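Chemist: The structure that follows is given in the form of structure tokens.
The values are calculated or read from the model by the stated rules, or taken from the named source; none is laboratory data. Source: prediction; values computed, not measured. Here Cβ is always computed from backbone atoms with ideal geometry, including for glycine, and neighbour counts include all displayed protein chains. Side chains are part of the model used for accessible areas, which takes the heavy atoms of the whole protein and leaves out ligands, DNA and RNA. Shrake-Rupley method; radii C 1.70, N 1.55, O 1.52, S 1.80 Å.
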Amino acid sequence: MSYDVIVIGSGPGGYVCAIKAAQLGLKVAVIEKRATYGGTCLNVGCIPSKALLHASEMFHHAAHGMDSLGIEVSAPVLNLEKMMAHKDATIKSNVEGVSFLFKKNKIDGFIGTGKIVAAGKVSVTAEDGQVQELDTKNIVIATGSDVAGIPGVNVDIDEKVIVSSTGALDLTKVPQNLIVVGGGVIGLELGSVWMRLGAKVTVIEYLDKLLGAMDADVSKQFQRMIAKQGMDIRTEAKVTAVEKTEAGAKVTYEPVKGGEAVTVEADVVLISTGRKPYTEGLGLEGAGVALDNRGRVEIDHGFKTNVAGIYAIGDVVKGPMLAHKAEDEGVALAEILAGQHGHVNYDVIPGVVYTQPEVASVGKTEEELKAAGVNYKVGKFPFTANGRARAMQVTDGFVKILADKETDRVLGGHIVGFGAGEMIHEITVLMEFGGSSEDLGRTCHAHPTMSEAVKEAALATFAKPIHM
Ligand SMILES: Cc1cc2nc3c(=O)[nH]c(=O)nc-3n(C[C@H](O)[C@H](O)[C@H](O)COP(=O)(O)OP(=O)(O)OC[C@H]3O[C@@H](n4cnc5c(N)ncnc54)[C@H](O)[C@@H]3O)c2cc1C
């Protein structure tokens, strides 16, 4: 069989690239080694975690957030099996959606492991060992990423007691104590899920703050809020051992600045120290495809590897490991392969932490602007001064806008607060169009909405906020 494009991997990068390429008239096949399409994101990532984040938030709200609104309810009872069934049904409907879209767009799907035999030739090995060879003009590597361990520490992830995010999405009972190694997005989201359901959660983080790359104002405020919710946060702590015990597991860490080692015990330990590009068994070496010094497939501005006809996108290449970044690369590459001019604006890729409150960010942080010597100004507005936030009892957090001091062009937006993940998009669109804080501040916003805080933060950047 012969194709214009064969995509290896059906995550948000791969499946979106395949659909777009087919929409543009190319003959496309996708190879996926998992039993279902959708990659990490739909099967064991974004989608299942959000199903559990929502359900656990509802549980927590029913237990703690109703009384002050004048609604008296008896203590909610957790049915974890049913909650997990909701998560599984959410996964099922999403992965089936991808299968449907493949059929609709006449994309051939192959379940099996894809291997690049040479430029223009890919083999698919099915679970029963049968091998098929396919010819193609172009190959797209979209094989994503896998769990990274802890550098220098031998960790035996059994997905029951010592778990990765995959096991943490599938626990059969609420742990009494959960240790989260790594205070990044995935650890904090999954830690929040189990904390809301009753676990005592301890987060051990090497850096001096949570959410490493986020704007420092935002991560500081967020850390205060999550600690107030009961999460035990231990920063500047270097984990040196993770071991199983009779009762569960123990984690040993040393203070980064020196001092006595500390051991913490728990019934479950989540290792969430990051992800690494996944290239195993792909035949890259044989095909002569170069990797960079971090094991990622090396590409140029047009997603081209060093071998003609082989391209790569998503988590397996440089850039933030985010589903929407992979999707945008998929669309841009499909356009390039169809002879158009695909492009991704890497300066305007939002990032969201789906905790409660949410944290959302786009563009530069204040620290990045300082380091680059940019002359910038800051506008901030707290949700305590927003009428809708008061009505909904979600006054924690603020909006922060960073703009160029001379041109007023918005360079970054950072929000911590209820619904931050939705609100960030008006700053994202503004930045995509090269807008200024005055453009944003003079745009009429519906009242009463949380988004008025974004407008007020913009007003605070170039003039003065009204409601403060
Ligand atoms: C718990 C968790 C929560 C997350 N939440 C979010 C979120 O809320 N928002 C967000 O933007 N991102 C989130 N992410 C990150 C997101 O999942 C990834 O950025 C995204 O899935 C990357 O897409 P991709 O297409 O590059 O690769 P993947 O989604 O990893 O897909 C790659 C696919 O390739 C397949 N594959 C690999 N090798 C082969 C081979 N040789 N042959 C055939 N198939 C192969 C794999 O089986 C996999 O299905 C989360 C990740 C995790 C783990």
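Chemist: Quickly run through segment 27-36 and pick out the residues that are open to solvent by less than 10 Å² (accessible area, probe 1.4 Å) and either under 15 Å from the mean Cα position of the chain (by Cα) or more than 6 Å from the ligand (Cβ to nearest atom) (or both).
Modeler: Matches in segment 27-36: Val28, Ala29, Val30.
Chemist: Another one. Of the residues Gly183, Gly144, Gly212, which single one is within 14 Å of the ligand (Cβ to nearest atom) and either assigned by TED's automatic domain parsing to the domain that holds Met225 or surrounded by 20 or more Cβ atoms within 10 Å (Cβ to Cβ) (or both)?
Modeler: Gly144 is the lone residue from the list that is within 14 Å of the ligand (Cβ to nearest atom) and either assigned by TED's automatic domain parsing to the domain that holds Met225 or surrounded by 20 or more Cβ atoms within 10 Å (Cβ to Cβ) (or both).
Chemist: Let me ask another. With the checklist (1) open to solvent by less than 50 Å² (accessible area, probe 1.4 Å); (2) within 16 Å of the ligand (Cβ to nearest atom); (3) not in a helix (DSSP H, G or I) in hand, flag the one item Pro76 doesn't pass.
Modeler: All conditions are met except number (2).
Chemist: Of all residues in segment 103-130 being without any contact (Cβ under 8 Å) to a residue 24 or more places away in the chain and open to solvent by 70 Å² or more (accessible area, probe 1.4 Å), which is farthest from Val28 (Cα to Cα)?
Modeler: Asp128
Chemist: Consider Asn345 against the criteria (1) touching a helix residue (DSSP H, G or I) at 6+ places or on another chain (Cβ under 9 Å); (2) part of a helix (DSSP H, G or I); (3) more than 23 Å from Ala453 (Cα to Cα): it satisfies all of them except one. Which criterion is unmet?
Modeler: Only one criterion is unmet by Asn345, namely (2).
Chemist: Run down Ile233, Ile226 and say which single residue is part of a helix (DSSP H, G or I), more than 16 Å from the ligand (Cβ to nearest atom) and aliphatic (A, V, I, L, M).
Modeler: From the options Ile233, Ile226, the qualifying one is Ile226.
Chemist: As an exercise: evaluate Leu24 against (1) open to solvent by 30 Å² or more (accessible area, probe 1.4 Å); (2) within 15 Å of the ligand (Cβ to nearest atom) and give the number of the one condition it does not meet.
Modeler: (2)
Chemist: Still on this model: Hey, could you check segment 265-291 for residues that are open to solvent by 20 Å² or more (accessible area, probe 1.4 Å) and more than 16 Å from the ligand (Cβ to nearest atom) and say which is farthest from Thr136 (Cα to Cα)?
Modeler: Restricting to residues being open to solvent by 20 Å² or more (accessible area, probe 1.4 Å) and more than 16 Å from the ligand (Cβ to nearest atom), the top hit is Glu265.
Chemist: While we're here: For residues that are closer than 22 Å to Gly120 by Cβ, out of contact with any strand residue (DSSP E or B) (no Cβ under 7 Å at 6 or more places or on another chain) and in contact (Cβ under 8 Å) with a residue 40 or more places away in the chain, scanning just segment 303-328, find the one that is farthest from the ligand (Cβ to nearest atom).
Modeler: Only one residue tops the list, namely Ala308.
Chemist: Kindly check whether there is at least one residue in segment 79-102 that is part of a loop (DSSP other than H, G, I, E, B), surrounded by fewer than 16 Cβ atoms within 10 Å (Cβ to Cβ) and either within 12 Å of the ligand (Cβ to nearest atom) or not polar (S, T, N, Q) (or both).
Modeler: no
Chemist: Only one of Lys318, Lys250 is of a type outside the set (S, T, N, Q), modelled with pLDDT of 95 or more and not in a loop (DSSP other than H, G, I, E, B). Can you tell me which?
Modeler: Lys250
Chemist: Only one of Asp328, Asp347, Asp315 is touching a Pro at 6+ places or on another chain (Cβ under 8 Å) and either acidic (Asp, Glu) or open to solvent by less than 60 Å² (accessible area, probe 1.4 Å) (or both). Can you tell me which?
Modeler: Asp315
Chemist: Which one of these is more than 11 Å from the ligand (Cβ to nearest atom), more than 28 Å from the chain's Cα centre (by Cα), part of a loop (DSSP other than H, G, I, E, B) and farther than 25 Å from Ala326 by Cα: Glu133, Glu127, Glu159?
Modeler: Only one candidate passes the filter, namely Glu127.
Chemist: State whether the residues of segment 50-68 include one that is in the same structural domain as Glu329 (by TED's automatic domain parsing), closer than 30 Å to Gly198 by Cα, in contact with a Pro (Cβ under 9 Å, 6 or more places away or on another chain) and of a type in the set (Ser, Thr, Tyr).
Modeler: No: segment 50-68 contains no residue that is in the same structural domain as Glu329 (by TED's automatic domain parsing), closer than 30 Å to Gly198 by Cα, in contact with a Pro (Cβ under 9 Å, 6 or more places away or on another chain) and of a type in the set (Ser, Thr, Tyr).
Chemist: Working carefully through the options Gly434, Gly412, find the one that is in contact (Cβ under 8 Å) with a residue 24 or more places away in the chain, in a loop (DSSP other than H, G, I, E, B), farther than 21 Å from Thr384 by Cβ and not assigned by TED's automatic domain parsing to the domain that holds Leu211.
Modeler: Gly434
Chemist: When segment 357-398 is examined, which residues are found to be open to solvent by less than 40 Å² (accessible area, probe 1.4 Å), within 13 Å of Ala420 (Cα to Cα) and outside any strand (DSSP E or B)?
Modeler: Of everything in segment 357-398, those that are open to solvent by less than 40 Å² (accessible area, probe 1.4 Å), within 13 Å of Ala420 (Cα to Cα) and outside any strand (DSSP E or B) turn out to be Pro357, Phe383, Ala389, Val394, Gly397.
Chemist: Name the residues in segment 37-62 that are more than 8 Å from the ligand (Cβ to nearest atom) and open to solvent by 50 Å² or more (accessible area, probe 1.4 Å), would you?
Modeler: Those that are more than 8 Å from the ligand (Cβ to nearest atom) and open to solvent by 50 Å² or more (accessible area, probe 1.4 Å): His54, Met58, His60, His61.
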